[in-house]
1. Going Cα to Cα from residue 123, which aspartates and glutamates come in below 19 Å? Please leave out same-chain ones fewer than 8 positions away.
2. For residue 231 and residue 37, calculate 0.36 nm times their separation in residues minus their Cα-Cα distance, and state this gained length in nm to one decimal.
3. Under 16 Å Cα to Cα from residue 274, which aspartates and glutamates show up? Leave out anything in the same chain fewer than 8 places away.
4. Report the trypsin sites (Lys or Arg not before Pro) located in the range 349-450 that are in a DSSP loop and have at most 10 other Cβ atoms inside 10 Å of their Cβ, or state none.
5. Per residue, how big is the convex hull around the C-alpha atoms of the chain? Give it to me in cubic angstrom, could you?
6. Suppose all protein chains stay in the model; what accessible area per residue would a 1.4 Å probe give for the range 96-187, in Å²?
7. Of all accessible surface on the range 155-363 at a 1.4 Å probe, what whole percent is carbon and sulfur?
8. So, with a 1.4 angstrom probe, what is the percent of accessible area on the range 392-443 that is carbon and sulfur?
Amino acid sequence: MPQQLMISVSGVRGVIGEGLTPEVVLAFAQAYGTYCQGGRVVLGRDSRVSGPMLQHAVTAGLMAVGCEVVDIGIAPTPTTKIAVEKLHAAGGLVITASHNPVMWNGLKMLAGDGLFLDEEQGKQVLTIRDAGAANIRNWDGLGKTTAYDKAIDDHLAAIYALPFIDIEKIRQARFRVVADCVNGAGGVILKKLLEHFGCDFVILNNAPTGRFPHNPEPLPENLAELCEAVKKHRAHIGLALDPDADRLALISEKGVPLGEEYTLALAAALLLPKRKGKVVVNLSTSMVIDDIAAKHGCTVERTKVGEIHVAKHIRHVAAVIGGEGNGGVILPDVHLGRDAMVGVAMLLQQLADFGGPLSELHASLPQYVMRRRKVELAGGLDPKQVLQKIARKYQREKLDANDGIKILRDKSWVQVRASNTEPILRIMAEAQSAAVAEKYCEELAAVVEA
Ligand code: MG
């Protein structure tokens, strides 16, 4: 499959004009609309330049199979998910390529409960698409389009209603905030939220034009402008969002990125003292969450990487919070999906309760360091065999084989997984010092290469 087009059970992602064309999304929309039995489908998009073009093709495809298309315009992915639930739709589509660079776009498919399609559901859509079995209607069976302009307000109302968010207390703190919305969909919601919480704020790249000023993934190496602005404006906090506003990264008042792992950690540190319960994260999420949960007498359960796995397990075990270490906070009170606005509200509350600077709040949490490495597989070597070999070699240690092989050691771990898209193995290690994490990566890279 060419790199320019990636089709999976969760949707499609590709480079505009190369792999991803109106024809591709039209066929997807017709198959998806057929899967939804011609019911109501909420359509949202991030701010990418190619968004309107794809929106027209997707709308045409959905109408052709009898769907009522509810257009909510530019909206964060979590906003679209909440609208699917609120409007009792049969499903929803989000036109986004999440954190991918500007030339990419894609389609994410949602089920009637506002969660991403799971593997089984996604396969049904692909089967219809591959068989060309879309239920194309005659002129008198076509769908219609309507617009709904309250999706952002519905989303914010759900956050303001959270029992552990004390709006007056946050307002009294009068936080100075600098944010970077990378000209993505976050620009249409973050300003309203910060105004409501009485913050004094500056938002960089706030126009939802889809022209990203830098690589839009909220990793420390992409946040130099934001870090400088936090210092310049003497802000209490810096916030970095990805283009569809489901991931959030934090910058301390010193202009230092805390690393995305600490977004979920801080949210859990706020919630668990107030509400005890299970926490669900994926296998690659930092163990700082285990320490925080243990401190409050709570347990952590881990799933395969992928938001849908985490979301479904949260529902299955009725967890109080969950998410992914990549800055994705999932609070089931609002919705079972990663949500940067939930993260912002919880951080402001946490900081208001703490009463000191964010760098000190961060320092009060357990500290871990992660390291990552890629190893290319020589000439057609089967990643499964390599993983089996690793499992045998480390059979005396504590292993988790739910997603690649994860070796669990004292206050540390190392995981080896096969990439879904490239002939490489990804090694990830976490420990209390960079030296140990490096050493683990080194050790496993040597095993893989041997
Ligand atoms: Mg995203």
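The values are calculated or read from the model by the stated rules, or taken from the named source; none is laboratory data. Bear in mind that the values here come from a model prediction, so they are computed numbers and not experimental data. Cβ: placed from backbone, ideal geometry, glycine included. Neighbour counts: every protein chain shown. SASA here: full protein model, heavy atoms, side chains in, ligands and nucleic acids out. Shrake-Rupley method; radii C 1.70, N 1.55, O 1.52, S 1.80 Å.
1. 113, 307
2. Details: separation 194, 0.36 × 194 = 69.84 nm, distance 5.30 nm.
Contour length minus the Cα-Cα distance gives 64.5 nm.
3. Cross-link targets: 166, 333, 353.
4. Working: sites: 371, 372, 373, 374, 384, 389, 392, 393, 396, 398, 406, 409, 411, 417, 426, 439; in loops: 396, 411.
Listed in order of number, the matching sites are 396.
5. Working: hull volume 61.4 nm³, N = 450.
Taking the convex hull of the Cα positions in the chain, it is 136 Å³ per residue.
6. Result: 47 Å² per residue.
7. On the way: 3650 of 7080 Å².
Percent of accessible area from carbon and sulfur atoms in the range 155-363: 51.
8. Values: 1280 of 2890 Å².
With neighbouring chains kept in place, the figure for the range 392-443 is 44 percent.
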